[in-house]
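The values are calculated or read from the model by the stated rules, or taken from the named source; none is laboratory data. Note that the coordinates shown come from a computational prediction; the quantities given were computed from them, not determined experimentally. Note that each Cβ is placed from the backbone with ideal geometry, even for glycine, and that neighbours are counted across all protein chains shown.
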Amino acid sequence: MLIFHSDNTRLRQARTELHDGTLVAPFECPERIDLVLKHIQKTAVGEVREPKSYGLDPVLAVHDAGYVNFLADCWHEWVAAGHEGEAIPNIWPARTMRGDRIPHTVSGKLGYYALAAETSITEGTFEAAMASKDVALGATSHTLATGEPSYGLCRPPGHHAAVDQFGGYCFFNNAAVAAQWALNQGKRRVAILDVDFHHGNGTQQIFYERDDVLFISLHGDPEVTFPYYLGYADETGLGSGEGFNVNYPLPPGTSVATWMATLDNALGQIKQTQCDMLIVSLGVDIFEGDPISAFTFKNSDFEILGQRLSSADLPTVLLMEGGYAVDDIGINVVNVLQGFKQ
Ligand code: Q9C
Ligand code: ZN
């Protein structure tokens, strides 16, 4: 399988994540890329290719222009304001306040454009997010041109990023950018299957009222895990999108057998819905050793996952989302790629 990677994804090197009341070294770090690449090279599972730059238009096709400008300028405004640490929001337009005002100073804008506080904005964050969506678009273009599957080593990840909000380590929604790109290139309906441990709230929001993208997600039950405020089973889409959003919240500790049976339901729905392309939000944080997640995948289960994904028999793009057990992240990704029967 052809693999897309850009060294510029390393440009985000955050020092801080707000975790359990303390600023810690971020779980979502450039070492994740190094370890996956190293294992890809060691196993020779596929050739690694650098994507070209696709510019901002494919991003603006799914994200708000004010939000994109905010991300481009945030770090410089933060520094110009004289702040010392990394840019972290600490105030939001909460339920009892106004959600229609965009403040003028960077501290106010941070709350408006953020959906969580763990993800700091740093020098290089925007550039890394640009590289990450280019990786997704490079992979997608290859699959569109050849019908062959491809893997995009996206980092930072994307599926928590909404139309105009960052958070959960995500800035641009790589899978959504890729899906919209594929539609613009002539696909009629794209399935996005999100297997990351966390619900893909951003992807759901972006396509919630549309029937040209089927979004299906298997994830930790939001009653007890991030992102808490989206990802419930009764969220089925709106208007012409009704029936094109499917959530499978699963309790922490769910067995692999139950998870795989749920995946089979999801694959059945994709088959029934007449999709002509599959984009997988491939978070490997479903691994039993993941430090911030609670599913029970073993290394070998990722190969079975790869096999099942290929059984959908669609042009398929696999995009990296989460996965934080850095010792095993390369093994788990490569196992999916090796399981995927071309
Ligand atoms: N500090 C993705 O997997 N909070 N994002 C978890 C640990 C945020 C995960 C608590 C988790 C975001 C792409
Ligand atoms: Zn995740």
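Condition test on ALA176, is it closer than 11 Å to SER281 by Cα, touching a helix residue (DSSP H, G or I) at 6+ places or on another chain (Cβ under 9 Å), more than 11 Å from ligand 1 (Cβ to nearest atom) and modelled with pLDDT of 95 or more?
Numbers: closer than 11 Å to SER281 by Cα: yes; touching a helix residue (DSSP H, G or I) at 6+ places or on another chain (Cβ under 9 Å): yes; more than 11 Å from ligand 1 (Cβ to nearest atom): yes; modelled with pLDDT of 95 or more: yes.
So ALA176 passes the test.
Of the residues SER132, SER150, which is within 21 Å of TYR169 (Cβ to Cβ), in contact with a helix residue (DSSP H, G or I) (Cβ under 6 Å, 6 or more places away or on another chain) and of a type in the set (Ser, Thr, Tyr)?
Numbers: SER150 fails: within 21 Å of TYR169 (Cβ to Cβ).
One residue alone meets the criteria, SER132.
Considering only residues that are farther than 19 Å from ALA72 by Cα, out of contact with any Phe, Trp or Tyr (no Cβ under 8 Å at 6 or more places or on another chain) and either polar (S, T, N, Q) or more than 13 Å from ligand 2 (Cβ to nearest atom) (or both), which ones fall in region 164-180?
Listed by number, the residues that qualify are ALA178, GLN180.
Among residues belonging to region 69-118 that are of a type in the set (A, V, I, L, M, F, W, C) and in contact with an Asp or Glu (Cβ under 9 Å, 6 or more places away or on another chain), point out the one that is surrounded by the fewest Cβ atoms within 10 Å (Cβ to Cβ).
Restricting attention to region 69-118, the residues satisfying the condition of being of a type in the set (A, V, I, L, M, F, W, C) are 70-72, 74-75, 78-81, 87-88, 91-92, 94, 97, 102, 106, 110, 114-117.
In the following step, the residues that additionally are in contact with an Asp or Glu (Cβ under 9 Å, 6 or more places away or on another chain) were identified as 70, 75, 78-79, 87-88, 106.
On the way: PHE70: 22, TRP75: 20, TRP78: 23, VAL79: 13, ALA87: 23, ILE88: 20, VAL106: 21.
Here the residue is VAL79.
From SER281, SER293, SER310, SER300, which residue is within 16 Å of ligand 1 (Cβ to nearest atom), of a type in the set (S, T, N, Q) and within 25 Å of HIS5 (Cα to Cα)? Before you say what the answer is, go through the steps one by one.
On the way: SER293 fails: within 25 Å of HIS5 (Cα to Cα); SER310 fails: within 16 Å of ligand 1 (Cβ to nearest atom); SER300 fails: within 16 Å of ligand 1 (Cβ to nearest atom).
From the options SER281, SER293, SER310, SER300, the qualifying one is SER281.
Return the residue satisfying two criteria in turn: it lies in region 12-34 and is part of a loop (DSSP other than H, G, I, E, B) and surrounded by fewer than 14 Cβ atoms within 10 Å (Cβ to Cβ), and of such residues it is farthest from ligand 1 (Cβ to nearest atom). Write out each step before concluding.
Of all residues in region 12-34, those part of a loop (DSSP other than H, G, I, E, B) come to 12-16, 20-21, 25-30.
Now narrow it down to the ones that are surrounded by fewer than 14 Cβ atoms within 10 Å (Cβ to Cβ): 13, 15, 20-21, 25.
On the way: GLN13: 17, ARG15: 15, ASP20: 7, GLY21: 10, ALA25: 11 Å.
Here the answer is GLN13.
Which one of the conditions (1) away from ligand 1 (no atom under 15 Å from the Cβ); (2) within 17 Å of the chain's Cα centre (by Cα); (3) not charged (D, E, K, R) does THR146 fail to meet, given that it meets all the rest?
(2)
Under the condition of being of a type in the set (Val, Ile, Thr) and assigned to a loop (DSSP other than H, G, I, E, B), which residue from region 187-242 is nearest to LEU319 (Cα to Cα)?
Restricting attention to region 187-242, the residues satisfying the condition of being of a type in the set (Val, Ile, Thr) are 190, 192, 195, 203, 206, 213, 216, 224-225, 236.
Narrowing further to those that are assigned to a loop (DSSP other than H, G, I, E, B): 195, 224-225, 236.
Working: VAL195: 11, VAL224: 26, THR225: 22, THR236: 24 Å.
That would be VAL195.
Might you check whether a residue that is within 22 Å of ASP328 (Cα to Cα), out of contact with any Phe, Trp or Tyr (no Cβ under 6 Å at 6 or more places or on another chain) and of a type in the set (S, T, N, Q) occurs anywhere in region 16-28?
There is no residue in region 16-28 that is within 22 Å of ASP328 (Cα to Cα), out of contact with any Phe, Trp or Tyr (no Cβ under 6 Å at 6 or more places or on another chain) and of a type in the set (S, T, N, Q).
Restricting attention to region 81-96, does a residue exist that is part of a loop (DSSP other than H, G, I, E, B), more than 16 Å from ligand 2 (Cβ to nearest atom), more than 12 Å from PHE166 (Cβ to Cβ) and touching a Ser or Thr at 6+ places or on another chain (Cβ under 6 Å)?
Narrowing region 81-96 to residues part of a loop (DSSP other than H, G, I, E, B): 81-86, 88-96.
Retained after the next criterion (residues that are more than 16 Å from ligand 2 (Cβ to nearest atom)): 81-86, 88-96.
From what is left, the residues that are more than 12 Å from PHE166 (Cβ to Cβ) are 81-86, 90-96.
Those still in the list that are touching a Ser or Thr at 6+ places or on another chain (Cβ under 6 Å) too: 86.
Within region 81-96, one or more residues are part of a loop (DSSP other than H, G, I, E, B), more than 16 Å from ligand 2 (Cβ to nearest atom), more than 12 Å from PHE166 (Cβ to Cβ) and touching a Ser or Thr at 6+ places or on another chain (Cβ under 6 Å).
Go through region 112-127 and give me each residue that's outside any loop (DSSP other than H, G, I, E, B), within 16 Å of GLU17 (Cα to Cα) and out of contact with any His (no Cβ under 9 Å at 6 or more places or on another chain).
Pass one, region 112-127, residues outside any loop (DSSP other than H, G, I, E, B): 112-114, 119, 121, 125-127.
Restricting the remaining residues to those that are within 16 Å of GLU17 (Cα to Cα) gives 114, 119, 121, 125.
Of everything in region 112-127, those that are outside any loop (DSSP other than H, G, I, E, B), within 16 Å of GLU17 (Cα to Cα) and out of contact with any His (no Cβ under 9 Å at 6 or more places or on another chain) turn out to be ALA114, ILE121, THR125.
Test each condition in (1) within 15 Å of ligand 1 (Cβ to nearest atom); (2) part of a loop (DSSP other than H, G, I, E, B) for ALA136 and report the one that comes out false.
Result: ALA136 passes all but (2).
Examine region 35-43 for a residue that is touching a Phe, Trp or Tyr at 6+ places or on another chain (Cβ under 9 Å), at pLDDT 95 or above and buried (at least 21 other Cβ atoms within 10 Å of the Cβ), and state whether such a residue exists. Break it down stepwise before answering.
The first filter runs over region 35-43 and keeps only residues touching a Phe, Trp or Tyr at 6+ places or on another chain (Cβ under 9 Å), leaving 40.
Filter once more, so that each one left must be at pLDDT 95 or above: 40.
Checking the rest, the ones that are also buried (at least 21 other Cβ atoms within 10 Å of the Cβ) come to 40.
Yes, because at least one residue in region 35-43 is touching a Phe, Trp or Tyr at 6+ places or on another chain (Cβ under 9 Å), at pLDDT 95 or above and buried (at least 21 other Cβ atoms within 10 Å of the Cβ).
So which residues in region 289-331 are buried (at least 22 other Cβ atoms within 10 Å of the Cβ), within 13 Å of ligand 2 (Cβ to nearest atom) and not acidic (Asp, Glu), if there are any at all?
Hits for region 289-331 are SER293, PHE295, PHE297, LEU319, MET320, GLY322, GLY323, TYR324, ILE329.
PRO157 versus (1) more than 16 Å from ligand 2 (Cβ to nearest atom); (2) in a loop (DSSP other than H, G, I, E, B); (3) in contact with a strand residue (DSSP E or B) (Cβ under 9 Å, 6 or more places away or on another chain): which is the lone unmet condition?
Of everything listed in (1) more than 16 Å from ligand 2 (Cβ to nearest atom); (2) in a loop (DSSP other than H, G, I, E, B); (3) in contact with a strand residue (DSSP E or B) (Cβ under 9 Å, 6 or more places away or on another chain), PRO157 misses just condition (1).
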